[in-house]
Each structure stands twice: as C-alpha cells, then as structure tokens.
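To start, the structure under review is shown below, and the notes come after it.
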Amino acid sequence: MTGPSLQIAGRTTIASGLIAAVGVVFLVAMFASFAVGSTSAGQAFGRVNDVLILVAYLLAVPSVLGVRSIVRPRGRVAADLAATLGIASIAAIVVLQAMLVTEALTFEEQVGPVSIALLALGAWFVIAGRMVTSAGFAPNGVRMGLLAAVYVGYPVWAIWIGRRFLGPTPDPTPRQVVIAAED
C-alpha cells in the first residue's frame, strides 16, 4: 500500500472503531435489558449491535492490508500468511453476522462458528501487533492486539492503528547501526 492507500486504511479503520464503539454501547444495553427482564428491548439492542459489528468488521479489511504493507518488507511470507488469517476471519464473521441479521441462522446456530472466527481474528490482532512493533511502526502492538482480541477493546485498537496509518510511515528497511571507533 502506498501513502494514499494507508490514508484510506487509516480513515476506514477509525470509522470502524467508532462504529464498533457504538456497537459496544448497544451490547451493554442488551445485557442491561436482559438483566432487568426486558427481553424484547434486549433483543432489539442486540440486533443493532449485530448490524453495527458487521459494518465495523467490513471496514476493518483495509487495516489488515495496511498492516501487511507495513510489515511485508521485513517478512513477505509471514505478512501474507497473517493477512490471510485476518481477512479470512473477518470474512467469516461478516458472513455469519449477515446470516444472523437476515435470520438465515439462529443465534444458537451462529454463536459457535462466529466464536471460532472471533478467536482467529484475535490471533491475528496479536500476531499483527507483534509484527508492527517489530517493524518499528507502532509501539505496544502486542498489548494493543490483546486489547482488540477482547471484543470490547476493538474500538480502541482500531482508532489507535488507524491514527498510526494516518501518521508518517517509517522506512520499512532494516537500519544498520554503525558505531564509530575512537582513534
């Protein structure tokens, strides 16, 4: 990805994080509604969360490609494998969420497979975090990846990495340290 592509990745990833943050609010409202016995309100809040998370993860695809472009010069195969894991996980989540929202699957039918896809995406967050930190692109990548892997932490990660994409991109080539000997 070039500079303009990283700008697009930054904007879509931040939008994804903002949408996911609203989704988390609806998720909390869902559990609160269920806790006070308001099942119909809880289901309505849950449905809104399902739609918002579907959109948020669709908007996250450029973040996977952005991470890949940042780390690929340091390890082409690892970057490509990680990106494949990220995109496949997002695709599975989006398809399963769409099937839930359109009632092609019940929650009970969807929850197992989507949980596996979320675990795979969580693995991508941690792997990507390690890679962006090793590439010198973003400090604390593993910590932020772990935060993103916990569903409610995804908005923080998305805004964090999106802002990194919008900032200056470091030179991806490894630097050699030259130590001058004193005469």
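When residue 59 is tested against the conditions (1) open to solvent by 10 Å² or more (accessible area, probe 1.4 Å); (2) modelled with pLDDT of 95 or more; (3) over 12 Å from residue 20 (Cβ atoms), the lone failure is (3).
Restricting attention to segment 143-179 and to residues that are more than 21 Å from residue 86 (Cα to Cα) and hydroxyl-bearing (Ser, Thr, Tyr), the residue that is modelled with the lowest pLDDT turns out to be 173.
Meeting the requirement of 3 or more residues that are within 21 Å of residue 3 (Cβ to Cβ), the helices (runs of 4 or more DSSP H) wholly within segment 63-160 are 76-101, 107-134. From (1) closer than 17 Å to residue 126 by Cα; (2) modelled with pLDDT under 95; (3) open to solvent by less than 40 Å² (accessible area, probe 1.4 Å), pick out the condition that doesn't hold for residue 64. Condition not satisfied by residue 64: (2). State yes or no: is residue 48 part of a helix (DSSP H, G or I), closer than 21 Å to residue 156 by Cα and open to solvent by 50 Å² or more (accessible area, probe 1.4 Å)? Here the answer is yes, as residue 48 does meet what is asked. Given the structure, is residue 113 in contact with a helix residue (DSSP H, G or I) (Cβ under 9 Å, 6 or more places away or on another chain) and open to solvent by 50 Å² or more (accessible area, probe 1.4 Å)? In short, yes. Taken together, the residues in segment 22-45 that are free of Cβ contacts under 8 Å to residues at least 24 places away in the same chain, under 24 Å from residue 159 (Cβ atoms) and open to solvent by less than 50 Å² (accessible area, probe 1.4 Å) amount to 2. Within segment 78-93, residues that are buried (at least 17 other Cβ atoms within 10 Å of the Cβ) have Cβ atoms under 9 Å from residues that are polar (S, T, N, Q) in these pairs: 79/69; 86/63, counting only partners at least 6 apart in sequence or on another chain. The requirement of being surrounded by fewer than 22 Cβ atoms within 10 Å (Cβ to Cβ) and not charged (D, E, K, R) is not satisfied by residue 16.
The values are calculated or read from the model by the stated rules, or taken from the named source; none is laboratory data. If you're wondering where the values come from, they're calculated on a predicted model, not measured in any experiment. When we count neighbours, we look across all protein chains shown, and the Cβ atoms used for this are built from the backbone with ideal geometry, even at glycine. Accessible surface is based on the protein model in full, side chains and every heavy atom, while ligands, DNA and RNA are left aside. Shrake-Rupley method; radii C 1.70, N 1.55, O 1.52, S 1.80 Å.
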